[in-house]
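Structure first, then comments.
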Amino acid sequence: MTGLPLWQSRIAEQGDTSTVTLAGELDLAAADELREMLTARIDRPDVRIVVVDIAAVDFLDSAALGALLLAYRHAADNDCEFVVTGAARGVRRLMEIAGVHGILAGTEPVPGD
C-alpha cells in the first residue's frame, strides 16, 4: 500500500461562489476531512454559494454521503446555498436510494422545511 489519498479536491473561487471539485473515492477515511473542508468554505464570510462538483467521484459510501448532508445542513443554518452537481450514475443511484439526490442537487425541498 502506497499511502496515497484515494481522493482529491480542487477549490475555485468566483465572486461569492466557491466551487469544490472532488475526484476519486469518498469513503469513511475521507468523510471527516471532507466535512471539515466543506464547512470551512461555508464559514467564509465572502462565500454565499458552495457548489460541490462530484462528476469525477468514482465511489461514495454512506459516511461520505453523511459528510455532504452535514455540510448541506450547516450551509442552510448559515444562510449559504449548497448544491452537489455532476453525480455519475453509480453515485447518483446511491443518493437516490438514500432519498437525498434531489435535496443535495437543489431540485427538491428539504422535508419539514
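Only the coordinates and a few stated rules stand behind these numbers; no lab work does. For clarity, every value in this text was computed on a predicted model and none was experimentally measured. Positions of Cβ are backbone-derived with ideal geometry, glycine not excepted, and every protein chain shown enters the neighbour counts.
Scale the Cα Rg of the chain by the rule-of-thumb value 2.2 N^0.38 Å and send over the ratio, two decimals. Don't skip to the end; give the middle numbers.
On the way: Rg = 13.3 Å, N = 113, 2.2 N^0.38 = 13.3 Å.
Dividing the Cα radius of gyration by 2.2 N^0.38 Å gives 1.01.
What is the magnitude of the charge dipole of the range 1-107 about its Cα centre, with +1 placed on the Cβ of each Lys and Arg, -1 on the Cβ of each Asp and Glu, and no other charges, expressed in debye to the nearest 20? Walk me through the numbers on the way to the answer.
On the way: 9 positive and 16 negative charges, 56 e Å.
With only Lys, Arg, Asp and Glu charged at Cβ, the dipole is about 260 debye.
Toward the positive end of the charge dipole of the chain, about the Cα centre and with charges on Cβ (Lys, Arg +1; Asp, Glu -1), which of Ala56, Leu28, Ser9 goes farthest?
Among Ala56, Leu28, Ser9, the one farthest towards the positive end of the dipole of the chain is Ala56.
Taking one equal scatterer on every alpha-carbon of the range 1-54, how large is log10 of I(q)/I(0) by Debye at q = 0.14, 0.25 1/Å?
Each listed q maps to, in turn, -0.39, -0.99.
Simple spin-label model, 7 Å along Cα-to-Cβ: Ala40 to Glu25 in nm?
2.4 nm
Go through the range 84-97 residue by residue and turn each phi into a ³J(HN,Hα) via Karplus (6.51, -1.76, 1.60, θ = phi - 60°); whole Hz please, and just put x for glycine and proline.
For the range 84-97, the Karplus-derived couplings read 10, 10, x, 4, 5, 3, x, 5, 4, 4, 4, 5, 5, 4 Hz, x marking Gly and Pro.
Can you sort Leu6, Leu94 from fewest to most other Cβ atoms within 10 Å of each residue's own Cβ?
Working: Leu6 13, Leu94 17.
By the 10 Å Cβ count, ascending: Leu6, Leu94.
Below 8 Å between Cα atoms, with a sequence gap of 6+, how large is the relative contact order for the chain in percent?
Numbers: 183 pairs, mean separation 26.7, N = 113.
Answer for the chain is 24 percent.
I'd like the Karplus ³J(HN,Hα) series for the range 20-37: coefficients 6.51, -1.76, 1.60, θ = phi - 60°, whole numbers in Hz, and an x wherever there's a Gly or Pro.
Running phi through 6.51 cos²θ - 1.76 cosθ + 1.60 with θ = phi - 60° gives 10, 9, 10, 8, x, 10, 9, 9, 3, 5, 9, 4, 5, 5, 4, 4, 4, 5 Hz.
Enumerate the amide H contacts of Ala88 below 5 Å, restricted to partners 5 or more residues apart or on another chain; note that Pro and chain-start residues carry no placed amide H.
It is Val57, by chain and number.
How large are Rg and Dmax for the range 44-102 when calculated on the C-alpha trace, in angstrom?
Calculated on Cα positions, Rg and Dmax stand at 11.8, 34 Å.
Amide H to amide H under 5 Å from Gly106: which residues, 5+ apart in sequence or cross-chain, H placed 1.01 Å off N in plane?
Those lying under 5 Å, H to H, from Gly106 are Val84.
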